[in-house]
Amino acid sequence: MKTLRLDLYQETACYKKPLAFKVGETYPLPPYSTVKGMLHALMDAKTFVPMRLSVQGKCDSLLIDYQSHYFFKKLDSGELPIIYDGLGVSVPDKQHITKMPLYSHQLYKVELMIHIQADEEIIDSIIHAIESGKAVSLGRWEDLVQIKDYRVVELEEMEEGTTKLPAYVPVSLLDDENYVPYRLNWKYDIVQNIRKWEKIDVGYVQANYSIEEEHYMDECGDLVFFHQ
């Protein structure tokens, strides 16, 4: 199996928590499912592609935006949430749509380091898509990604090390409770037309966090934490 390292940059990003309804809260880093969604879209994959992921990164600050969110009162509504402000036309009466203002959290100047381990043909497909110049977003559609660097790296097994960036680390590698626990979505199955998610328990740790369990380091000297 090959390991591909991606160094990414986003000017703004929102990795929305699924149960955040009254405020659009964001995870500090993109969940595994969000990263996998980006990679599947990059490859135009129509079926699930097996891979292992390590997600690390940082941002400059957290911004709060104010947005209008539209809600449908019934599933089969044919109405559309179109904004008519400034068009000089009469606004049609909508029976099945309502809206309300919500605060939305956004990360500003995001730098990510993502490692992907998969079969050689999958890594080659990702590299081909990157080199073709295909537009990439991560999180929301408008949160475009700049791929600053990509390279295939060799990994070395390590017994201990220190993180350079905040990271998601599997709880099996964490010896203390000095981290923020998350249950992140990994993959889903469709059960009665509803997505049933498989979740992974991880700890979000800050930079300079000491790891004393077996993990990996890439040839650039950065630690790598695969969930399994």
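The values are calculated or read from the model by the stated rules, or taken from the named source; none is laboratory data. On a predicted model such as this, the values are computed, not experimentally measured, just so you know. When we count neighbours, we look across all protein chains shown, and the Cβ atoms used for this are built from the backbone with ideal geometry, even at glycine.
Within the range 5-32, the only residue that satisfies the criterion of being crowded, with 20+ Cβ neighbours inside 10 Å and of a type in the set (Gly, Ala, Ser) is Ala13. Close contacts from the range 135-155, counting a first residue that is of a type in the set (Lys, Arg) and a second that is modelled with pLDDT of 95 or more and outside any loop (DSSP other than H, G, I, E, B), with Cβ to Cβ under 7 Å and a gap of 6+ residues or different chains, come to Lys148/Asp7; Lys148/Leu8; Lys148/Tyr9; Arg151/Arg5.
Candidates are the residues of the range 198-215 that are under 18 Å from the mean Cα position of the chain (by Cα) and surrounded by fewer than 14 Cβ atoms within 10 Å (Cβ to Cβ); the one that is modelled with the lowest pLDDT is Glu198. Considering the range 34-70, and only residues there that are among the hydroxyl-bearing types (Ser, Thr, Tyr) and under 22 Å from Thr163 (Cβ atoms), the residue that is surrounded by the most Cβ atoms within 10 Å (Cβ to Cβ) turns out to be Ser54.
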